[in-house]
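Engineer: Before I ask anything, let me first share the structure, which is written out below as structure tokens.
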Amino acid sequence: MQRVRVVVVGAGVVGLSTAVCIAEGLPHCSVTVLADRFSPDTTSDVAAGIIMGGELPGIPQEQQRRWFKDTFDHLLAIAESPQAPEAGVFFLSGCQIFRETPSNPRPFWAEYVLGFRFMTDAELRRFPQHKFGHAFTTVKCECPTYLPWLEKRLRRAGGQLKPGHVTDLQELCHAYDVIVNCSGLGARALAGDTQLQPVRGQILRVHAPWLKSFIRDGDGHTYIYPGRDSVTLGGTRQAGNWRLEPDAADSEAFMERCCRLEPSLRGCVRLREAVGLRPGRACPRLERALLGPAGRRVPVVHNYGHAGWGVSLSWGTALEALRLVRESLSERPPAARL
């Protein structure tokens, strides 16, 4: 019996999560991940990997809830399992602070993270420039460890990884039966999506092993995320900026902001800077299309444009992409089905 050939374009956290979901959920499919960059050279490898929600304009909140909950539950199960060290997934507690009380003080994702509460006045005295805050426990997913773990899981499910540069999705139509586009910012060219733009993120990893709790400014421009081997400081959100080289001025600016929140960082050792280009879009694109010449129309499932929420929504949108692949296969002409 001939297997359905599925190609997933892109090997970041969204692409690998999607490939694993398809390979495990549709065992009659042969899944190939095709990408020009694999870990540790993807944008996902730069991500801080803290699991937190954000409002996505244009996406129904019920759908946002499902994507976030599915991702959180997936990573929570890993964090509670013996696989946690190998996967690079672990619990992290901390706070998110605001200069003014937000219009929606209790975000939708508050019911999914652990122990969510508003910070007390005593706790906020530590941050005199801030008036309101959230305290909670979430999960941190360190992609330089998590992505290789996903690659192993994909291989166990019968999938394969193939290095290669794709310049046009059409070129895949004759070799594959389903195309899943998880190319991130690359979809600007591959899918002709002019809504996509780079949002440049620069971070600094430092050695500060005394820090055990995270701090995030609610504006998203300043954060301190302790990890297993280093602490990630950030950051920048520079829309339309394609520069991949670290900028010393950027690092100095957010280092100073981080030190105001956590003065002990003035004694840390700087390890390395890193830059990633987030796939900025008003909202993620998750939909089906058809591609190819008459007589060979191939289903395409798009799953990209997660901006800064790629890790936090990765498994939820991967399950959504799996559903769209199933729909595409169910609509194939009878002669083309297994």
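The values are calculated or read from the model by the stated rules, or taken from the named source; none is laboratory data. The shown structure was predicted, so the numbers you read here are calculated from the model rather than taken from an experiment. Here Cβ is always computed from backbone atoms with ideal geometry, including for glycine, and neighbour counts include all displayed protein chains. The accessibility values were calculated without ligands, DNA or RNA, using every heavy atom of the protein model including side chains. Shrake-Rupley method; radii C 1.70, N 1.55, O 1.52, S 1.80 Å.
Engineer: Roughly what would the spin-label model give for Glu24 and Gln129, points 7 Å off Cα along C-beta, in nm?
Structural biologist: 4.2
Engineer: Ordering Arg237, Arg285 by accessible area with a probe of 1.4 Å, largest first, what comes out?
Structural biologist: Highest to lowest solvent-accessible surface, that is Arg237, Arg285.
Engineer: Moving on to the next point. Along the Cα-to-C-beta direction of Glu80, a point sits 7 Å from the Cα; which residues of region 100-137 have their amide N less than 17 Å from that point?
Structural biologist: Hits in region 100-137 for Glu80 at 17 Å: 111-116, 137.
Engineer: By its C-alpha gyration tensor, with a ≥ b ≥ c as the square roots of the eigenvalues, how is region 1-69 shaped: rounded for a/c under 1.5, else prolate for a/b larger than b/c, else oblate? Write out the running numbers ahead of the final one.
Structural biologist: On the way: a/c = 2.76, a/b = 1.38, b/c = 2.00.
It is oblate, given that a/c is not under 1.5 and a/b is not larger than b/c.
Engineer: Based on a Kirkwood Rh over C-alpha pairs, give the Stokes-Einstein translational diffusion coefficient of region 46-132 at 37 °C and viscosity 0.692 mPa s in µm²/s.
Structural biologist: Translational D for this selection: 219 µm²/s.
Engineer: A further question on this structure: With the other protein chains left in place, how much accessible area per residue, in square angstrom, belongs to the chain at a 1.4 angstrom probe? Mind showing how you got there, number by number?
Structural biologist: Numbers: 14680 Å² over 338 residues.
I get 43 Å² per residue for this part.
Engineer: Next question, about the same structure. I want to check the label-to-label distance for Gln61 and Arg260. Put each point 7 Å from Cα in the C-beta direction and report it in nm to one decimal.
Structural biologist: So the two model labels end up 3.1 nm from each other.
Engineer: Got a sec? Which residues in region 43-60 would a label at Phe118 touch, if it sits 7 Å along Cα→Cβ and we count backbone N under 17 Å?
Structural biologist: Within reach of a label on Phe118: no residues.
Engineer: At 0.36 nm per residue, and after removing the present C-alpha to C-alpha distance, how many nm does the segment from Arg99 to Arg243 gain when stretched out fully? Numbers along the way, then the final one.
Structural biologist: Details: separation 144, 0.36 × 144 = 51.84 nm, distance 3.02 nm.
Answer, rounded to one decimal: 48.8 nm.
Engineer: At a 1.4 Å probe radius, which order do Met52, Met119 fall into by accessible area, largest first?
Structural biologist: Largest to smallest exposure gives the sequence Met119, Met52.
Engineer: I would also like to ask the following. What's the lysine pair count for the chain at a Cα cut-off below 22 Å, pairs eight or more apart or interchain? Each step should come with its number before you reach the end.
Structural biologist: Values: Lys69/Lys140; Lys140/Lys152; Lys140/Lys212; Lys152/Lys162.
Final tally of qualifying lysine pairs is 4.
Engineer: How big is the dipole moment of the chain about its Cα centre under a simple scheme where the beta carbon of each Lys and Arg is +1, that of each Asp and Glu is -1, and everything else is neutral? Debye, nearest 20, please.
Structural biologist: 320
Engineer: For a paramagnetic label modelled at 7 Å from the Cα of Asp219 toward its Cβ, which residues of region 95-112 fall within the zone defined by backbone nitrogen distances under 11 Å?
Structural biologist: Residues 99-100 qualify, since their backbone N sits under 11 Å from the label point.
Engineer: While we're looking at this one, here's another question. Restricting things to alpha carbons, tell me how big the chain is in terms of Rg and Dmax, in Å.
Structural biologist: Here Rg and the maximum Cα pair distance are 20.5, 69 Å.
Engineer: What order do you get for 205-214, 272-281 when each peptide is scored by the mean count of other beta carbon atoms within 10 Å, highest first?
Structural biologist: Output ranking for 205-214, 272-281: 272-281, 205-214.
Engineer: Quote the Stokes-Einstein diffusion coefficient, in whole µm² s⁻¹, for region 264-308, based on the Kirkwood radius over alpha carbon pairs, a temperature of 4 °C and a viscosity of 1.567 mPa s.
Structural biologist: On the way: Rh = 14.5 Å.
For these conditions, the coefficient is 89 µm²/s.
Engineer: Specify the inter-centroid distance of region 276-338 and region 132-206, based on alpha-carbon positions, in whole Å.
Structural biologist: Their Cα centres are 13 Å away from one another.
Engineer: Where q = 0.11, 0.12, 0.13 Å⁻¹, what log10 of I(q)/I(0) comes from the Debye formula for region 132-197, counting one point per Cα?
Structural biologist: -0.47, -0.54, -0.62
Engineer: A further question follows. What's the carbon and sulfur percent of region 86-243's accessible surface, probe 1.4 angstrom, rounded to a whole number?
Structural biologist: On the way: 3490 of 7010 Å².
Here carbon and sulfur together make up 50 percent of the probe-accessible area.
Engineer: How large is the translational diffusion coefficient of region 277-330 in µm² per second when you combine the Kirkwood radius over alpha carbon pairs with Stokes-Einstein at 4 °C and 1.567 mPa s?
Structural biologist: 107
Engineer: Just the accessible area for Glu62, please: 1.4 Å probe, Å², rounded to the nearest 10?
Structural biologist: Estimated to the nearest 10 Å², Glu62 gives 120 Å².
Engineer: Between Lys212 and Ala110, what is the label-to-label distance in nm when each label sits 7 Å out along the Cα-to-Cβ direction?
Structural biologist: A separation of 2.7 nm, rounded to one decimal place.
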